[in-house]
Each structure stands twice: as structure tokens, then as C-alpha cells.
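Trainee: Structure in C-alpha cells, see below.
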């Protein structure tokens, strides 16, 4: 079977819930592997790995999680990954892109997300974007077919 891999980078800002006016930069780059080309167009849960940087919270930390792709039935992409902060505490980022009919470019390039601690407490809010100008070519070139 032929698998499909690609890389995606998103960046933006985040703020701690205890200080909502102090926005700081956040970014992540993930590698995604889909078990088959056909899976890209269906409801699938993919494993992801990569790196995340949330200034002052998690500086260049490994991430691991899932990307749920369901573009036709539920019309969404759900990102969920764990990483450790600078003090070693486990955190979880959860975000979703909702594919609405009116603005597919906006839907595919904007990721609102929450960051939660290991007890499930909401500690930060983030808004990340896929930069079409600087990242689209890298994103498209990252698509590779491999043997599964």
C-alpha cells in the first residue's frame, strides 16, 4: 500500500488565561503520515510528530499526537498533541479547523486552539495561521508517497 506524508507549519500568538492581554508567539511544525492516498479524502486519524515553541512556556519542545481529518462528513480537521513545558509539565494543545462553505481559505489556514495542563485545566488560548505566502510552496513540496 502507498502511504502519503507531508509537513505543516503554523504560527501565531497565544496568551495565558491568567494574563489575556499579553500575547506571545507560538508555532509548530508537524510531520503527518496517512496510511493511504485514499485516506486523505476520508475520515481518518493520523499520527503526528514535530516541534512546538510557545515563547516563555515551551521553547522548542517535541510534540506527539493526532490529526483527525474528516473534510466531507464532519467538515473539520482536529489537531491534538502533547508536549512538555519548560519546567517539565505535560501540556495538551487542542484545536480545530472547521471547513465552512463561505471561506475555505480562511477555514484551512486558521487554527483556534486551547492549551491544557495535565489535569485538564485550560491554561492558554492560541490562534495559529498557515502563512500562504511563505509556507505554501514548502507545504506542497513536502507531500511524498512512501510504502506503508
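Each value in this text was obtained by applying a stated rule to the coordinates, not by laboratory testing. Please read these numbers as outputs of a predicted model, since none were measured by experiment. Every residue, glycine as well, gets a Cβ built from its backbone with ideal geometry; the counts of neighbours run over all protein chains shown.
Trainee: If you fit an axis through the alpha-carbon atoms of helix 132-142 and take the longest principal axis of the Cα set of the chain, what angle between them do you get, 0 to 90°, nearest 10?
Mentor: For 132-142 against the chain, the angle is about 50 degrees.
Trainee: Where does each of 71-80, 23-32 land if you order them by average Cβ count within 10 Å, highest first?
Mentor: My ranking of the peptides, most packed first, is 23-32, 71-80.
Trainee: Could you work out the relative contact order of segment 2-134? I mean the mean sequence separation of Cα pairs under 8 Å and 6+ apart, divided by the number of residues, in percent.
Mentor: Details: 329 pairs, mean separation 28.1, N = 133.
Reported relative contact order: 21 percent.
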